[in-house]
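The structure appears right after this line, and notes come after that.
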Amino acid sequence: MKCPKCRHENEEGAKFCEECAAPLGRACVKCGRPLSPTAKFCPGCAHPAALPPETLATAARLSSPESYTPKHLAEKILTSKTALEGERKQVTVLFADLKGSMELLADRDPEEARKLVDPILSLMMDAVHHYEGTVNQVMGDGIMALFGAPLAHEDHAVRACYAALRMQDAVLRYSDELRRTHGVEAQIRVGINSGEVVVRSIGSDLRMDYTAVGQTTHLAARMEQLAAPGSSRLTAGTLQLAEGLVQVAPLGPVPVKGLDAPIEILNFRVGGSRCGPHTS
């Protein structure tokens, strides 16, 4: 699947570009087949591709960081953006998505399906914002978030880990409600990696234009893809920055496309204080 922004060729089924993290394409909510930007019906199952007004309103709300970033965080970002532009920053990247969304959405019309999925997106975003991370991309049933830029925090890796735990707990509670009311369950998977980015600009709409150094975003996306439903995975690089505050279970080395040698990955849960980093 070719990225519309940087033209990088990604593996089939990818939601974000592994090179620039741009969202990739539309997909049928019923069968999951990729759709062209102008498709009115799915060519695979003939399900309507048009979105109802309520879903369009949700899409508009999620279209720009300005529309979904809490006001107090937006003010901090705009205040500090001049100092950040052109800087090379150490950050932690988090990817999270709803695993098995096709099963959750099966046999439901698009409007009803969004009513089930949108609360999950909100829970993931709320967890990111609670620890002063920023949601950089929203795509279908997943998000990409940054910790450490554009809001600078030395403990960005720890904040990302606590955000992952918080969203897993929140979605678990929501899944209990879904099971009682709709007979379905929801689980998310989270991937985290730390590395460097060069911040090029921050727009008035809070959208940050940046260039990842090396495999920063690619490895975070790969951790998400490798995570089992209901779990979170991180790289050894992130663990070094969160040592003592994250309890991990090593899963061994795995090969990653674009890297010469396998990398160590870890399953994790947060240890120590459950309140997490100070966020006031």
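Express the relative contact order of the range 111-239 as a whole percentage, based on alpha carbon pairs under 8 Å and six or more residues apart in sequence.
Relative contact order of the range 111-239: 19 percent.
Quick one: Karplus J couplings for the range 78-94, per residue in order, coefficients 6.51, -1.76, 1.60, θ = phi - 60°, nearest Hz, x for Gly and Pro?
Running phi through 6.51 cos²θ - 1.76 cosθ + 1.60 with θ = phi - 60° gives 5, 5, 9, 5, 4, 6, 8, 4, x, 8, 9, 10, 7, 9, 10, 9, 10 Hz.
Would you please give the residues with an amide H less than 5 Å from that of residue 41, counting only those at least 5 places away or on a separate chain, with H modeled from the backbone geometry?
Amide H neighbours of residue 41, under 5 Å, 5+ apart: 49.
On average, how much area does the Cα convex hull of the range 155-217 cover when viewed from any direction, in nm²?
6.2 nm²
Roughly how much of residue 88 is accessible, in Å² to the nearest 10, using a 1.4 Å probe?
The value for residue 88 is about 130 Å².
Ordering 81, 99 by accessible area with a probe of 1.4 Å, largest first, what comes out?
Greatest to least solvent exposure: 99, 81.
The values are calculated or read from the model by the stated rules, or taken from the named source; none is laboratory data. Values in this document were obtained by computation on a predicted structure and should not be read as measured data. Only protein heavy atoms, including side chains, enter the accessible area calculation; ligands, DNA and RNA are left aside. Shrake-Rupley method; radii C 1.70, N 1.55, O 1.52, S 1.80 Å.
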